[in-house]
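**Q** Once you've had a glance at the structure underneath, I'll fire off some questions.
The values are calculated or read from the model by the stated rules, or taken from the named source; none is laboratory data. Keep in mind that this is a model prediction, so the values were computed, not measured. Here the Cβ is made from the backbone with ideal geometry for all residues, glycine too, and neighbour counts use every protein chain on show. Please note that ligands, DNA and RNA were not included when accessible areas were found on the heavy atoms of the full protein model with its side chains. Shrake-Rupley method; radii C 1.70, N 1.55, O 1.52, S 1.80 Å.
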Amino acid sequence: MDSEEIVNLVSKEGDSFEVPISVAKLSKLVETTIDEDADEDETQEIPLPNVKATVLSKVIDFCKHYKQEPMTQITTPLKSSKIEEIVQKWYADFVKVEQVLLFELVIAANFMDIKPLLDLTCLAVSVMIKVRFSLIFFALMLQTVFI
């Protein structure tokens with residue numbers, strides 16, 4: 001199939017997003033769902049019933065950017081607790097979202113089988129947990145000192 005071909009990704013709400021097949025294939029789910037024998041004049045639709053439109057839009061933004069500038073691979077153990085020191089700025093900014101949206105992105109990345117997005121969103125969650133744990137630990141230490 002030609003990389004200029006388009007596929008329609010359909011969200012949970014029924015919103016349709018036109019995406020180049022080469023971008024959409026970053027999702028292993030989409031890649032295995034695309035019918036290679038389909039009529040080239042007809043745009044294929046791939047339903048994603050577990051992904052909200054707002055989340056799917058962000059996922060598509062990620063995939064488009066990833067095709068142009070692949071993300072630095074995340075290695076463990078992490079060399080820093082700052083996302084900006086692990087991946088490029090665009091990717092660090094991408095996961096600076098509300099906690100609910102971040103968790104929805106984790107779920108979408110897992111459902112759609114987009115490993116780089118799953119790695120990035122899980123990194124963001126782990127950093128968030130580490131920071132919150134540190135704050136709780138610090139607060140408990142202050143309580144102990146002043147009791």
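**Q** Output the number of residues of region 79-115 satisfying the condition of being more than 23 Å from residue 55 (Cα to Cα) and buried (at least 18 other Cβ atoms within 10 Å of the Cβ).
**A** Initial filter on region 79-115 (more than 23 Å from residue 55 (Cα to Cα)): 79-82, 85-86.
Adding the requirement that they be buried (at least 18 other Cβ atoms within 10 Å of the Cβ) leaves 86.
Count: 1.
This table checks each residue for (1) among the aromatic types (Phe, Trp, Tyr); (2) modelled with pLDDT under 95.
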position: 38; (1), (2): no, yes
position: 41; (1), (2): no, yes
position: 48; (1), (2): no, no
position: 52; (1), (2): no, no
position: 56; (1), (2): no, no
position: 67; (1), (2): no, no
position: 71; (1), (2): no, no
position: 82; (1), (2): no, yes
position: 91; (1), (2): yes, no
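Okay, residues lined up against (1) under 22 Å from residue 107 (Cβ atoms); (2) β-branched (Val, Ile, Thr):
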{"residue": "46", "(1), (2)": "yes, yes"}
{"residue": "51", "(1), (2)": "yes, yes"}
{"residue": "61", "(1), (2)": "yes, no"}
{"residue": "64", "(1), (2)": "yes, no"}
{"residue": "67", "(1), (2)": "no, no"}
{"residue": "73", "(1), (2)": "no, no"}
{"residue": "80", "(1), (2)": "no, no"}
{"residue": "87", "(1), (2)": "yes, yes"}
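**Q** Further question on the same structure: From the list 145, 131, 106, which residue is at pLDDT 95 or above and among the β-branched types (Val, Ile, Thr)? If you could, list the steps in order and put the result at the bottom.
**A** On the way: 145 fails: at pLDDT 95 or above; 131 fails: at pLDDT 95 or above.
Answer to the check: 106.
**Q** Same structure again: Restricting attention to region 74-92, which residues are farther than 14 Å from residue 128 by Cα, free of Cβ contacts under 8 Å to residues at least 12 places away in the same chain and of a type outside the set (S, T, N, Q)?
**A** Looking only at region 74-92, we keep the residues that are farther than 14 Å from residue 128 by Cα, and these are 74-77, 79, 85-91.
Add one more test, that the residue is free of Cβ contacts under 8 Å to residues at least 12 places away in the same chain, and what stays is 75-77, 79, 85, 89.
The answer is 77, 79, 85, 89.
**Q** Are there any pairs with C-beta distances below 8 angstrom linking a residue in region 29-41 that is of a type outside the set (A, V, I, L, M, F, W, C) to a residue that is open to solvent by less than 70 Å² (accessible area, probe 1.4 Å) and part of a helix (DSSP H, G or I), with the two at least 6 apart or on different chains, and if so which?
**A** 31/24
**Q** Restricting the search to region 79-100, which residues are part of a helix (DSSP H, G or I) and under 10 Å from the mean Cα position of the chain (by Cα)? Full working, then the answer.
**A** Initially, region 79-100 is screened for residues part of a helix (DSSP H, G or I), giving 83-85, 89-94, 99-100.
Of everything in region 79-100, those that are part of a helix (DSSP H, G or I) and under 10 Å from the mean Cα position of the chain (by Cα) turn out to be 91, 94.
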